[in-house]
Amino acid sequence: MKKITIMLVDDHDVVRTGLKSLLKEETDLEVIAEASNGEKAIEVLSTVQPDVIVMDLSMPTMNGLEATRIISEKYPDCLVLALTVHEDKQYLFEMLAAGAKGYITKQAAGEELISAIRAVASGNIYLQAALAQWLLSDYRRLNTLQKSNNSTHQVDAADLEVLSERELGVVELVAEGLTTPEVAKRLKLSPNTISRHRERILKKLGLHSTTDLVKFAIRTGLIDF
């Protein structure tokens, strides 16, 4: 049986040690690399490329979000599973937009982490049950709100037509997790110009936050995850 190879990325030695001990008990899983931050993880990937990268979010030097974005672009066969203390919708959406294939909190049981690794390695998206339920509830709440407003701003593919090519580019980069200065640098515009674009986009779509923009980008296919 081919084993699922794993890299652990976490800035706490005790966490990595505990995870290695947990995963060593599974005959189909093998930890082949580890790193203490995102920058070191990318360095390791130049020599060894595991099937699944279990990635912490809050780390020095380079955090998990930035590392995931780079890894997804340079090493698309290395699948990232976020393992974090943050049970927060903003982090969830940003990690999915950056290319993560799963999201699970450190409060989860060891058995659930093992299931998540196997699911991601098999090509599936894995969200911890509590977060998946929250995500479904959030979409239902949004849809109910839209219907109560006569569906004036239904977030679907038709809304793409109201945005200019420049505005679509801004939405895509924001949904990928780039900050306003990063978007400005990528598009060779000033941060103030990007901020004005964001305000117009939100007004056109009837949305209110970056989280809503990420949902829009996912639902309309502007980004994949």
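Largest GNM mean-square fluctuation among Thr68, Thr105, Thr17, using the chain with Cα springs under 10 Å: Thr17. The mean sequence distance of close C-alpha pairs (under 8 Å, at least 6 residues apart), as a share of the length of the chain, puts its relative contact order at 15 percent. Tell me the angle of helix 89-98 to the major Cα principal axis of the chain, expressed in degrees between 0 and 90 and rounded to the nearest ten. Tilt of helix 89-98: around 80 degrees. Binning at 10 angstrom from zero up to the longest distance, how are the C-alpha pair distances of the chain distributed in percent? Calculated P(r), rounded to whole percents: 8, 31, 32, 20, 8, 1. Estimated from helical segments only, the mean residue ellipticity of the chain at 222 nm is -16000 deg cm²/dmol, where each DSSP H run of four or more residues counts as -39500 (n - 2.57).
Database remark: amide H of Tyr126 closer than 5 angstrom to the amide H of Gly102, Tyr103 (H placed geometrically; neighbours at sequence offset of 5 or more, or on other chains; Pro and chain starts carry no H).
In the elastic network of the chain, a GNM with C-alpha springs shorter than 10 Å, the most mobile of Glu73, Glu165, Glu199 is Glu165. Would you work out which of Thr61, Gln107, Ala82 lies farthest towards the positive end of the dipole of the stretch 4-131? Charges go on Cβ: Lys and Arg +1, Asp and Glu -1. In the stretch 4-131, that residue is Ala82.
Which order, highest average first, do 90-99, 26-35 follow once you tally other Cβ atoms within 10 Å for each residue and take the mean per peptide?
Ranked by mean Cβ neighbours within 10 Å, highest first: 90-99, 26-35.
For the set Lys40/Lys101; Lys20/Lys101; Lys20/Lys215; Lys74/Lys185; Lys74/Lys188; Lys3/Lys101, the pairs lying more than 25 angstrom apart at their alpha carbons are Lys20/Lys215.
Ordering Gln49, Val31, Phe93 by the projection of their Cα atoms onto the charge dipole of the stretch 4-131, which places +1 on the Cβ of Lys and Arg and -1 on the Cβ of Asp and Glu, puts Phe93 at the extreme positive end.
Which of Arg186, Arg69, Arg198 moves most in a GNM of the chain, Cα contacts under 10 Å? Comparing Arg186, Arg69, Arg198 in the GNM, the peak value goes to Arg186. Rounded to the nearest 20 debye, the dipole magnitude of the chain is 720 debye, with +1 charges on Lys and Arg beta carbons, -1 on Asp and Glu beta carbons, and the Cα centre as origin.
Counting only Cβ charges, +1 for Lys and Arg and -1 for Asp and Glu, the dipole size of the stretch 153-220 around its Cα centre is about 280 debye.
Where a number appears in this text, it was derived from the coordinates with a stated rule and is not lab data. In this text the structure is predicted, and so the values were computed from the model without any measurement. So basically every Cβ, Gly included, is an ideal-geometry build from the backbone, and we count neighbours across all protein chains shown.
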